[in-house]
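In what follows, a structure is listed as structure tokens, so that the remarks can point back to it.
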Amino acid sequence: MPKGCVHSQRDMVFTGAANWSVTTARARDVALSFFPEFWIAGENAALVMPPMTGDPLILLTRWDPLGVLQAIEKYKVSTTALIVDGAIELMDRPDFKTFDLSSLDRVRVVSFVKKLDADIRKRWFDLTGTIVAEAAWGMTETHTSNTFTTDMQDDDFDLKQQPVFVGLPLPQTEFVIRDFETQEILPLGAEGEITVRTPAMLKAYWRNPEATKEAIRDGFLYTGDIGVLDEMGYLHYLGRRKEMLKVRGMSVFPAEIEAVLGKHPGIRGSGVVGRSDPHAGQIPVAFIQSADPDLDKVALTRWLAEKLSKYKVPEIRLVEALPMTATGKVKKAELQKWVEDKEKTA
């Protein structure tokens, strides 16, 4: 079971106010959300932001591509957030261009399975005239949305950085990159543990003082996430430390491999984990849900070899479907169990 995070109403108010302060919004916005409210992002979208802004919200009970398009047209929705896979699903609909989406002004996406890239952005802009941007970095522990990417999309500046570019800190939010072992502060540009201090940080883990003491030290939350702060102060999220692989002594981030796989037209989704290897230490294994019945593993490996360093090219496993959470993330722990289960893969 996940650890429960104790938050106050003050955390909610701060989250709403801080995000509103860095948003270029109209005098009156109409928002749309389909995110479940048990997810912190859904809570912010449905329960925190509307009272802060006073703007109306169109709230759907679940993801429904047709319902989303109909709602945008009917209620003149100006702002919404999507998962990248959902944005692609909308654009792939043959009736997509029949809906009037001209009211859209601000669209944010979250990169889980598919990662936002320049091709997806261009396709969305050509169809809607709206620039789609990465949403933010955040955790349930920090009440999420702790960075912003507003107006950082010129010439795809944000997408030309390390994966995943998540922008600048919100007001009163501090990021420090530290060495995982020594906790020493690392120089700009170095990879290390993202530690964060924010007024919206959890007060404790519910009935778990040991976990609270481990995570919160000197006012900072030690996230377990790997990240980089560059010389301009932008934060880049590289993934969970427990997901990072060591291949022949080299660090390999599954998020990078998944971002490349997401560019292949024959791939619907992917998840990368590692398996033990007596010579390399670990080998990346990519579980791939195909969108093309003729997808060939040998050809795909050659395609990957043109885009990745040799030691990053994964072992390919084709699966009928990926195990997903209710919020659209791949269950990496489940994939790890599949590594030795040959019956689940091709």
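Observations on the model:
- Within segment 177-213, tally of residues that are in contact (Cβ under 8 Å) with a residue 40 or more places away in the chain, within 20 Å of the chain's Cα centre (by Cα) and part of a strand (DSSP E or B): 4
- When residues in segment 165-192 are screened for being touching a Gly at 6+ places or on another chain (Cβ under 9 Å) and crowded, with 20+ Cβ neighbours inside 10 Å, 5 of them pass.
- Some residue of segment 20-39 being part of a helix (DSSP H, G or I) and in contact with a Phe, Trp or Tyr (Cβ under 6 Å, 6 or more places away or on another chain): no
- Scoring Glu43 on the criteria (1) part of a loop (DSSP other than H, G, I, E, B); (2) more than 21 Å from Asp151 (Cβ to Cβ) leaves a single failure, condition (1).
- Set Val166, Val77, Val107: member being in a loop (DSSP other than H, G, I, E, B), closer than 25 Å to Ile40 by Cβ and β-branched (Val, Ile, Thr): Val77
- Applying the criterion of being touching a helix residue (DSSP H, G or I) at 6+ places or on another chain (Cβ under 9 Å) and assigned to a loop (DSSP other than H, G, I, E, B) to the residues of segment 80-101, the residue that is nearest to Asp29 (Cα to Cα) is Leu101.
- For Trp39, the criteria (1) at pLDDT 95 or above; (2) surrounded by 13 or more Cβ atoms within 10 Å (Cβ to Cβ); (3) within 24 Å of Phe112 (Cβ to Cβ) hold in every case but one, which is (1).
- Residue check, Ala211 buried (at least 17 other Cβ atoms within 10 Å of the Cβ) and under 16 Å from His7 (Cα atoms): no
- Conditions (1) assigned to a loop (DSSP other than H, G, I, E, B); (2) of a type in the set (Phe, Trp, Tyr); (3) surrounded by 16 or more Cβ atoms within 10 Å (Cβ to Cβ): number failed by Phe14: (1)
- Enumeration of residues in segment 251-286 that are charged (D, E, K, R) and within 20 Å of the chain's Cα centre (by Cα): Glu256, Glu258, Lys263, Arg268
- In segment 42-58, the residues that are β-branched (Val, Ile, Thr) reach residues that are buried (at least 17 other Cβ atoms within 10 Å of the Cβ) and outside any loop (DSSP other than H, G, I, E, B) with C-beta atoms within less than 8 angstrom, at least six apart or across chains, in these pairs: Val48/Met12; Val48/Thr15; Val48/Gly16; Thr53/Gly16; Ile58/Ala31; Ile58/Leu32; Ile58/Ser33; Ile58/Ala71.
- The set of residues in segment 214-236 being surrounded by 11 or more Cβ atoms within 10 Å (Cβ to Cβ), touching a residue at least 40 places away in the same chain (Cβ under 8 Å) and not in a strand (DSSP E or B) consists of Ala215, Asp230, Gly233, Tyr234.
- When residues of segment 237-247 are limited to those that are in a strand (DSSP E or B) and charged (D, E, K, R), the one surrounded by the fewest Cβ atoms within 10 Å (Cβ to Cβ): Lys246
- For segment 63-120, the set of residues classified as of a type in the set (S, T, N, Q) and surrounded by fewer than 19 Cβ atoms within 10 Å (Cβ to Cβ) consists of Gln70, Thr98, Ser102, Ser103, listed by residue number.
- Here segment 121-135 is the region considered, the condition is being free of Cβ contacts under 8 Å to residues at least 40 places away in the same chain and in contact with a strand residue (DSSP E or B) (Cβ under 9 Å, 6 or more places away or on another chain), and the residue that is surrounded by the fewest Cβ atoms within 10 Å (Cβ to Cβ) is Phe125.
The values are calculated or read from the model by the stated rules, or taken from the named source; none is laboratory data. Keep in mind that what you see is a predicted model, and the values were worked out from it rather than measured. Glycine gets a Cβ as well: all are built from the backbone with ideal geometry, and neighbour counts include every protein chain shown.
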